[in-house]
């Protein structure tokens, strides 16, 4: 027999994590052209504004030259129209010609001025399009694979590379509906939930990432197929250890107070219900059900059993409800050591 005593424990729960860069962008050209120069290498760290690629486009270059020439031409035409309007104005003031001629000259100057504005807009548009042949980094980050080499023809749908800023990382993980409701109700009550602000990230080599994460937001909908909802946590990444797409697990440590630890070997299940055999002062055995809240090593965690409850520790198959036995008490520390040894043997098989 073993006596169950209420205690406080730290329970670890693990969730599969999808780790992504806070900033991730696909670099595509805005115009069509041939790759003239590739100025970075795959995996290279680049700064914001650094030139990544240069494209060659004779068509865009000619459009700029044509727009420049047209702009100069209409500027000259405007100057001539303004000079003509001034000349006509002086003649009108001397009553040499009709005022109607001045109105015509001023209208022609207005038209010429409009043509200058239109030509300027066309020039700016042509220069902007041509500037797109120089492709720069929108932020500081790492360059991904570069599939197009010098001489390749690319279009606005061509993926030149991807860029990731890994100074901070997002880790997405999913929890079930029951866990979400508990989280949300606690949040609405104003009670702090430190476990959501001290998340651990376990990497694929089973090492613990040195920086803790914090939950920032929750997605809007549950997944119909799984009944889960995704949380997004943010992790600092000053050492650039994490990269976009790495695998890992979120581990959340939750403090549970006044809980009862029930050895799993002392339990049995019937139709999805979990039971133990309790023993009263006269040694009479009674069957009692309880709801496990979680697992903690070789124990079930529950709050359904009273403090100082005496239960059958081993040999639950040899007893039955209503049987009277002579209990032999095993202290909790001995039970703990036995269970740890049993787990160690099982893990080494």
How far is helix 99-131 tilted off the main Cα axis of the chain, in degrees rounded to 10, range 0 to 90? 40 degrees
The chain, Gaussian network, Cα under 10 Å: of 204, 167, 98, the residue fluctuating most is 98
Can you tell me the 0 to 90 degree angle between the C-alpha axis of helix 177-188 and the longest principal axis of the chain, rounded to 10? 70 degrees
Tilt of helix 332-347 relative to the longest C-alpha principal axis of the chain, in degrees (0 to 90, nearest 10)? 60 degrees
Subtract the Cα-Cα distance of residue 14 and residue 73 from 0.36 nm times their separation in residues, and report this length gain in nm to one decimal. 14.1 nm
Using the 10 angstrom Cβ neighbour count as an exposure proxy, how do 252, 1 rank, fewest first? 1, 252
With all distinct Cα pairs included, what does the Kirkwood hydrodynamic radius of the stretch 178-265 come out to in Å, to one decimal, could you say? 15.4 Å
Taking only Cα atoms and a 10 Å spring cutoff, compute GNM fluctuations for the chain and point out the largest among 228, 158, 189. 189
Mind sorting 244, 45 by how few other Cβ atoms lie within 10 Å of their own Cβ, fewest first? 45, 244
Cα-Cα pairs in the stretch 76-127 separated by more than 14 Å, as a whole percent of all pairs, come to 55 percent
Taking the chain, the whole-percent share of alpha-carbon pairs separated by over 29 angstrom is 67 percent
Have a look at 216, 282, 127 and tell me which one the Gaussian network model of the chain (Cα, springs below 10 Å) gives the largest fluctuation. 282
What order do you get for 258, 165, 304 when you list them from fewest to most C-beta neighbours inside 10 Å? 258, 304, 165
Please give the Cα centre distance for the stretch 153-223 versus the stretch 88-105, rounded to the nearest Å. 77 Å
Please find the FRET efficiency linking residue 118 to residue 182, where r is the Cβ-Cβ separation and R0 is fixed at 56 Å, and quote it to the nearest 0.05. 0.30
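Every read-out reported here was derived from the displayed coordinates using simple, explicitly stated rules and does not represent laboratory data. Since the model is a prediction, treat every value here as computed from it, not as a measurement. Methodologically, a virtual Cβ is constructed for each residue, glycine included, from the backbone with ideal geometry; neighbour enumeration extends over all protein chains shown.
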